[in-house]
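Chemist: Below is the structure I would like to discuss, written out as C-alpha cells.
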Amino acid sequence: MFIRSLLVSVLSATLITANSAVIGNLAFATTIKEPAVEAASNLPHSVLRLPNVHPGRDPIYAYAKQVLTMALDATADEYGTFELIVSEQEVAQERQLRSLEHSMLDVTWSVTSIEREKQHKAIRIPLMGGLFGMRTLFIRANDTRFNEPLSLAALKTMRAVQGYDWPDTRIFRHNNIPVLETTYRASFRIVAEGFADMFPRSVLEIQNEWDNLSPGDNLAIEPHLVIHYDSPMFFFVSSDREDLATRIAKGLLILLETDELQQSLYALEVYKQSLALLENRQRIELENPLLSEQSRQALATYLPYFTGTPKP
C-alpha cells in the first residue's frame, strides 16, 4: 500500500515531448548478465542498454548501475528477468538523454532540470541522498586568494568553469557567478593555467578526480568552502517507457523502505570520503531555478530517509 501510494509522486506530472535532435549510431559492448531472482516462465526477459562511464565518475557509475540492478531484481517476480548491456562509446550527458528518445539507450542517470523532465521521464527518487548538490572547488595550486574562506560576493568576482551542457552552468550564472563553458577534460587545464579561477565539483566526484591527477597538474582542492544547491540525480528513461519507469520506481521504493538503498550509498568509499571532506566547511547557498516543483516535493519526501547524509 505504501509503495503504491508513493508511485504517484515519483512518476506524476511527466507529460513529455521527444527531443528531435539526431543521434549517431551507438555501439554496445558484449552483454553483461546481471543477477535476478527467479521469475515466472511466462514473464518477459528485458535487455536494457546503459551509457558508458563518464570520465571522472567511475564510483558513481558503478553505484548507479548497482542500484539499478537491485531495483530490477526487486521487481523480477512481477516484471521478469533482465540483463544490462553497456554502450562502447563515451558520450556527454545531453547526448545520453537524447539517446533515450531515439531508442539507443533505455536507462541513464543524471542531475535533473525542468527541461530534462519535460523531454524524458524522470524517476524522482534521489540516488545520492542529496550529496550531489554539495560542491567543492578545484583551484590553482598556491592561489592565495583562497587562503581564507571567501564570501558569495567574492566568488561573484571570479570565474568558474563548467561543461557546455550541464545544468550547473545555468545555476551558477543565475546566481551571478561568471562561467566559462568548455569540455570536462579541458576544465582542469583551464583552471591550472589561470583562464578560470575554480572548477566546482560534487563532493562525490572530487576526491576520485584528485586521485587521478598527475603531480604536475598545478591544482588543489579549496579547503574552506562548500557550495550547496539542490541538485538531485535521478534515473531517466524515454518519455514513452511508462512501463520501465514504473518498474524502476517500484524497485527503488522497495529498496528505500528496506533501507537497502541507503545502506548501499553509505557503504561507498566515495561517500565516506565526501562526509570527511564536508567537515568544518563554510557553506554558501545558491538558488537552483531549474528544479521543478515535483522534484522539490520529491526531495522533501525522500531525503529524510537518508539519515546518514548531511541535510541541505
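Chemist: Does Asn218 fit the bill of being assigned by TED's automatic domain parsing to the domain that holds Phe172, touching a residue at least 60 places away in the same chain (Cβ under 8 Å) and farther than 27 Å from Lys156 by Cα?
Modeler: Taking the combined requirement at face value, the residue does not satisfy it.
Chemist: Which of the residues belonging to the stretch 244-273 are touching a residue at least 40 places away in the same chain (Cβ under 8 Å), farther than 30 Å from Glu209 by Cα and surrounded by fewer than 20 Cβ atoms within 10 Å (Cβ to Cβ)?
Modeler: Correct list: Thr246, Ile254, Glu257.
Chemist: Can you find, within the stretch 137-189, the residue that is surrounded by the fewest Cβ atoms within 10 Å (Cβ to Cβ) among those that are of a type in the set (S, T, N, Q) and under 26 Å from Val91 (Cβ atoms)?
Modeler: Thr183
Chemist: Right, next: Among the numbered criteria (1) at pLDDT below 95; (2) out of contact with any Gly (no Cβ under 9 Å at 6 or more places or on another chain), which one does Gln93 miss?
Modeler: (2)
Chemist: Can you pull out every residue in the stretch 274-309 that is under 21 Å from Ile221 (Cα atoms), in contact (Cβ under 8 Å) with a residue 12 or more places away in the chain and over 17 Å from the mean Cα position of the chain (by Cα)?
Modeler: Across the stretch 274-309, the qualifying residues are Leu275, Leu277, Leu278, Arg281, Gln282, Arg283, Ile284, Glu285, Leu286.
Chemist: Out of the stretch 122-169, which residues are assigned to a helix (DSSP H, G or I), farther than 29 Å from Arg98 by Cα and touching a Leu at 6+ places or on another chain (Cβ under 9 Å)?
Modeler: If the condition is that a residue be assigned to a helix (DSSP H, G or I), farther than 29 Å from Arg98 by Cα and touching a Leu at 6+ places or on another chain (Cβ under 9 Å), then Phe146, Leu152, Leu155 are the ones that fit.
The values are calculated or read from the model by the stated rules, or taken from the named source; none is laboratory data. Because the structure is a prediction, the values reported are computed rather than measured. Glycine also receives a Cβ, built like all others from the backbone with ideal geometry; neighbour counts cover every protein chain displayed.
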